[in-house]
Every structure is written in C-alpha cells, then in structure tokens.
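To start, the structure under review is shown below, and the notes come after it.
The values are calculated or read from the model by the stated rules, or taken from the named source; none is laboratory data. Remember, it's a predicted structure, so these values are computed and weren't measured experimentally. As a convention, Cβ positions derive from the backbone with ideal geometry for all residues, glycine included, and neighbour counts pool all protein chains shown.
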Amino acid sequence: MNLLFIADPLESFKIHKDSTLAMMRVAQEAGHQLWFCESRNVLWRDNLVSADCQSLVIKPSSTSWFELGGLESSALKDFSAVLMRTDPPFDIEYLNTTWLLSAAVRQGARVFNNPSAIRDHSEKLSITEFPELIPPTLVTRELSAIEAFHQEHQDIVIKPLDGMGGMGIFRVGPDGLNLASIVETLGENGARTLMTQRFLPEIKQGDKRVLLIGGEVVPFALARIPQGSEIRGNLAAGGKGVAMPLTDNEMKVASRLAPLLNERGLFLVGLDLIGGYVTEINVTSPTCFVEITEQTGFDVARFWLTALEKTLV
C-alpha cells in the first residue's frame, strides 16, 4: 500500500514518543510505501486534490532518522490511504485543509480520520451528545452563568474550547477567588465561548487516555497523573504517564462509543476519562501509542495497522 502522512515537519517530531512516527515505522516494517507532506502541500489543481509530497524512509538512527525523496505531485485518490496527523489547534487553516480533504474524498480518496467527521466533532463540545457520560458541564460566554454554576458546584474547572495540552485550564475553588478575572481573561470579555465543569478529584488518579481504533478499544489506558500542585495531567503540562488496564466501567464506556464513532468516519479516537466521566473526545491527532506500548507490551501501532489494513481491503 501507498500511505500518505500529512503531518507537522518531521524535524519537530519527538522521536522517543511520537505516535505518528510509531505508525510510520510499523507500516514500513510491513512493507508499505510511505509518503509525506505538510498540510500546506495539499492543493486543488487541474480539478484534482493533490499533494506535493515526498517518499519517506524511516531509518534506525536516532539523529538522522528519516530520508526524503524528490518532490512529486500525486492525486490523493491515488494513495491507498491518507493519514491526517497534523497536530491541533483546529484553526482556520486546519479547517481549510479538511475542506480540501473532503473534496478529495468525493474524488475517491480514503482519508483517516474522515475530514467531515473531524469538522462535526469539536474535541470539547462533542461530549454534549452523551450527557449521561459527562460531569456537570456548562458551555457559555456569560460570566453570570458561570458564577451561578460555581455557586452550585463550588469547585469548578474553566477551559477554552480551542485549548490543547492543558493550556488555559483554571480551577476555581469554593472561595471563588479571581473567578470573574479568569472568565474575563479566558473569554476575552465575552468574545469567546468557555467550557466549565465540576472539578473531579479523581484527577489525582489520572486523566486517562483511552484509544479507540477501527471501532475497537485498546485494552490499556495511559493515565496522565498531575504532579505536585498541578491539577492538569496533560503530558505537555508536566503530567506523568502511567499505562494501566482499563477498569470494567472504562471499558464499558469506551466499548459503547467505539463502534458509533467509527461508523461516522472517526477511525482513531483518543477518549479522555476522569473518574469514569468522558471529558474530551479527541479526533484530530490522538497520541500515547508509544507510552502504552513500552509500558504494557501491547503494540498499539501494530493494532492500528492491522485495523487499517482490514478497513482498506
């Protein structure tokens, strides 16, 4: 198979733990041909969605770990699969890329995740489809609504809808200290919508990343555990990643969502659970492949490739 990875610059990869690199390695080992481009290299030309891309070979060296071929222009429909692995944030240029990819799908391209499904699933707001699975949640621009929510729940977390890696997450305790200032700053005085949730003390046991691949559940989660005085478990915010088997309840929740999301074109999903509650449904570029594999022996990348090959048959 010819696999095109649309990703961030290869030089930016954290090669010791990058999930996209793990995908590339396992695909190459299986004999598939790798191709690479950035989202800026996807274009509409001569009535086709194509990519100015390069062949890619992954090398064993930890320094010069990749080799790129010469630049070629290829229609996306001519690849066996197109893997959209550009990291968030989901900004206007990411959105523009998904529109181009949707045009490619209409021309016959196989794109994972499906671009229209990505657009339909805000990684924060999509949880509202499953109110019975989420903690008490408020989505609003209004300070007064957040103040009333705080009065009811006392201990809350406030975050922007377009944040990533734990950026912009604030906890406000029973004293309400700086609540108005936080909301005004994060919400740019009512210009931006915010999500507010009841604080979940179970975060001390970790913000668990559960991977859903091809409608199936990876049986191990990566618990991202806050360190010191932090409330954020995100690895980018200094959280410690500890892989562990899913609990019965976590497996029940994940098994319910996996086939449903896969049917919508979300082949790879990173479900975030705190205390059994769903807090986010990540669909742009889910990670944690390497950490789970190294700590449990369960080869997530191979599981992903097997599911992809089955889908493409």
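Can you give me the number of residues within segment 202-228 that are under 14 Å from Val278 (Cα atoms) and either more than 18 Å from the chain's Cα centre (by Cα) or of a type in the set (S, T, N, Q) (or both)?
Of the residues in that region, 2 qualify.
Taking interchain pairs and intrachain pairs at least six residues apart, which have beta carbon atoms under 7 angstrom, with the first residue in segment 56-83 and charged (D, E, K, R) and the second assigned to a loop (DSSP other than H, G, I, E, B)?
Lys59/Trp65; Glu67/Lys59; Lys77/Gln107; Lys77/Gly108; Lys77/Ala109
Just the residues that are at pLDDT 75 or above and of a type in the set (D, E, K, R), please, taken from segment 227-241.
Glu230, Lys240
Inspect all residues belonging to segment 277-285 and state whether any of them is at positive phi and outside the structural domain of Lys14 (by TED's automatic domain parsing). Lay out the reasoning, then the answer.
Of segment 277-285, the ones at positive phi are none.
Scanning segment 277-285, I find no residue that is at positive phi and outside the structural domain of Lys14 (by TED's automatic domain parsing), so the answer is no.
Can you tell me which residue in segment 1-17 is nearest to the chain's Cα centre (by Cα), limited to those that are assigned to a helix (DSSP H, G or I) and free of Cβ contacts under 8 Å to residues at least 40 places away in the same chain?
Residues of segment 1-17 assigned to a helix (DSSP H, G or I): 10-12.
Filter again for free of Cβ contacts under 8 Å to residues at least 40 places away in the same chain, leaving 11-12.
Working: Glu11: 20, Ser12: 17 Å.
If we take residues in segment 1-17 being assigned to a helix (DSSP H, G or I) and free of Cβ contacts under 8 Å to residues at least 40 places away in the same chain, then Ser12 is nearest to the chain's Cα centre (by Cα).
Across segment 185-215, which residue is farthest from Ala254 (Cα to Cα) among those that are surrounded by fewer than 18 Cβ atoms within 10 Å (Cβ to Cβ) and acidic (Asp, Glu)?
Restricting to residues being surrounded by fewer than 18 Cβ atoms within 10 Å (Cβ to Cβ) and acidic (Asp, Glu), the top hit is Glu188.
Would you check if Ala221 is outside any strand (DSSP E or B) and in contact with a Leu (Cβ under 6 Å, 6 or more places away or on another chain)?
Values: outside any strand (DSSP E or B): no; in contact with a Leu (Cβ under 6 Å, 6 or more places away or on another chain): yes.
Criteria not met by Ala221.
Where the second residue is part of a helix (DSSP H, G or I) and at pLDDT 95 or above and the first is farther than 22 Å from His32 by Cα and lies in segment 290-304, which pairs have Cβ atoms under 8 Å and are six or more apart or on separate chains?
From residues that are farther than 22 Å from His32 by Cα, the pairs are Ile292/Val300.
Which residues, taken from segment 40-72, are under 17 Å from Lys14 (Cβ atoms) and of a type in the set (A, V, I, L, M, F, W, C)?
Within segment 40-72, Ile58, Trp65, Phe66 qualify.
I'm told Ala145 meets every condition in (1) buried (at least 17 other Cβ atoms within 10 Å of the Cβ); (2) among the small types (Gly, Ala, Ser); (3) assigned to a helix (DSSP H, G or I) except one. Can you identify the failing condition by its number?
Failed condition: (1).
Are any of the residues in segment 18-32 in contact with a strand residue (DSSP E or B) (Cβ under 8 Å, 6 or more places away or on another chain) and not in a helix (DSSP H, G or I)?
Yes: one or more hits.
Can you say whether Asn47 is free of Cβ contacts under 8 Å to residues at least 12 places away in the same chain, over 25 Å from the mean Cα position of the chain (by Cα) and over 28 Å from Lys17 (Cα atoms), as far as the supplied structure shows?
On the way: free of Cβ contacts under 8 Å to residues at least 12 places away in the same chain: yes; over 25 Å from the mean Cα position of the chain (by Cα): yes; over 28 Å from Lys17 (Cα atoms): yes.
The answer is yes for Asn47.
How many of the residues making up segment 67-92 are over 14 Å from Cys37 (Cβ atoms), assigned to a helix (DSSP H, G or I) and modelled with pLDDT of 95 or more?
1
Consider segment 93-142. How many of its residues are among the hydrophobic types (A, V, I, L, M, F, W, C), within 18 Å of Phe267 (Cβ to Cβ) and not in a loop (DSSP other than H, G, I, E, B)? Steps first, answer last, please.
So the first thing to find is which residues in segment 93-142 are among the hydrophobic types (A, V, I, L, M, F, W, C), and the list is 95, 99-101, 103-105, 109, 111-112, 117-118, 125, 127, 130, 133-134, 138-139.
Restricting the remaining residues to those that are within 18 Å of Phe267 (Cβ to Cβ) gives 101, 104-105, 109, 111-112, 117-118.
Still in the list and also not in a loop (DSSP other than H, G, I, E, B): 101, 104-105, 111-112, 117-118.
Residues meeting the conditions: 7.
Residues being part of a loop (DSSP other than H, G, I, E, B), crowded, with 21+ Cβ neighbours inside 10 Å and hydrophobic (A, V, I, L, M, F, W, C): count how many of those fall in segment 259-313.
Matching residues across segment 259-313 total 4.
Could you please give the count of residues in segment 4-16 that are closer than 15 Å to Ser39 by Cα and either crowded, with 20+ Cβ neighbours inside 10 Å or aliphatic (A, V, I, L, M) (or both)?
5
Determine whether segment 130-153 contains at least one residue that is more than 30 Å from Asp299 (Cβ to Cβ), touching a Lys or Arg at 6+ places or on another chain (Cβ under 6 Å), outside the structural domain of Asn249 (by TED's automatic domain parsing) and without any contact (Cβ under 8 Å) to a residue 60 or more places away in the chain.
There is at least one residue in segment 130-153 that is more than 30 Å from Asp299 (Cβ to Cβ), touching a Lys or Arg at 6+ places or on another chain (Cβ under 6 Å), outside the structural domain of Asn249 (by TED's automatic domain parsing) and without any contact (Cβ under 8 Å) to a residue 60 or more places away in the chain.
Do any residues in segment 99-126 that are surrounded by 17 or more Cβ atoms within 10 Å (Cβ to Cβ) have Cβ atoms under 6 Å from those of residues that are charged (D, E, K, R) and in a helix (DSSP H, G or I), where the two are at least six apart or on different chains, and which pairs are they?
Ala109/Lys77
Inside segment 191-218, can you point out the residues that are within 30 Å of Glu147 (Cα to Cα) and in a loop (DSSP other than H, G, I, E, B)?
Ala191, Arg192, Thr193, Phe199, Leu200, Gly206, listed by residue number.
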